[in-house]
1. Once amide H atoms are built 1.01 Å from N in the peptide plane, which residues 5 or more positions from residue 73, or in another chain, come under 5 Å H to H?
2. How long is the gain from residue 72 to residue 11 if the chain were fully straight, where each residue apart is worth 0.36 nm and the alpha carbon distance is subtracted?
3. Pick from 69, 20, 31: which is most flexible by mean-square fluctuation in a GNM of the chain where alpha carbon atoms under 10 Å apart are linked?
4. In the chain, what % of DSSP beta bridges are antiparallel (nearest 5)?
5. Bins of 5 Å, beginning at zero and ending with the bin holding the largest distance: percent of Cα pairs per bin for the chain, please.
6. Determine the share of region 1-42's accessible area contributed by carbon and sulfur atoms, expressed in whole percent, with a 1.4 angstrom probe.
7. Please calculate how many Å² of accessible area the chain carries per residue, with a 1.4 Å probe and no DNA, RNA or ligand atoms counted.
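The values are calculated or read from the model by the stated rules, or taken from the named source; none is laboratory data. No experiment lies behind these values; they were computed from the predicted model shown. These area figures cover heavy atoms from the full protein model, side chains too; ligands, DNA and RNA do not enter into them. Shrake-Rupley method; radii C 1.70, N 1.55, O 1.52, S 1.80 Å.
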Amino acid sequence: IERRTVGPCAAGDSFCGAALNVRGGYAAVQLCGYIRLPYTGDAPAVGWQTLSAAAGGTVQASASGRQYLVVDVDPAGKTCGLLL
């Protein structure tokens, strides 16, 4: 059996999902659907936005990265909800 690995992205990297839990050497990774993630810098706008990874396991609005549909933003909590 070939093992695949997951790990944190470097700032500016494109991301395709989020590791939700790690137990016993296995990770639960969400690759589609709604997810709420913390963001760094300016709040992304609701709608189609280009996002990339940022420091500390957060995301950021950027010129490079991947397009995601941001459906809600909580500026007080510095989180955004998006569809992967």
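1. Under 5 Å from the amide H of residue 73: 81.
2. Numbers: separation 61, 0.36 × 61 = 21.96 nm, distance 2.26 nm.
Additional length available on full extension: 19.7 nm.
3. Ranking 69, 20, 31 by mean-square fluctuation puts 20 first.
4. 95 percent
5. All Cα pairs, binned at 5 Å, distribute as 3, 15, 26, 26, 16, 8, 5, 2, 0 percent.
6. Working: 1900 of 3380 Å².
Answer for region 1-42 is 56 percent, counting heavy atoms of protein chains only.
7. Result: 65 Å² per residue.
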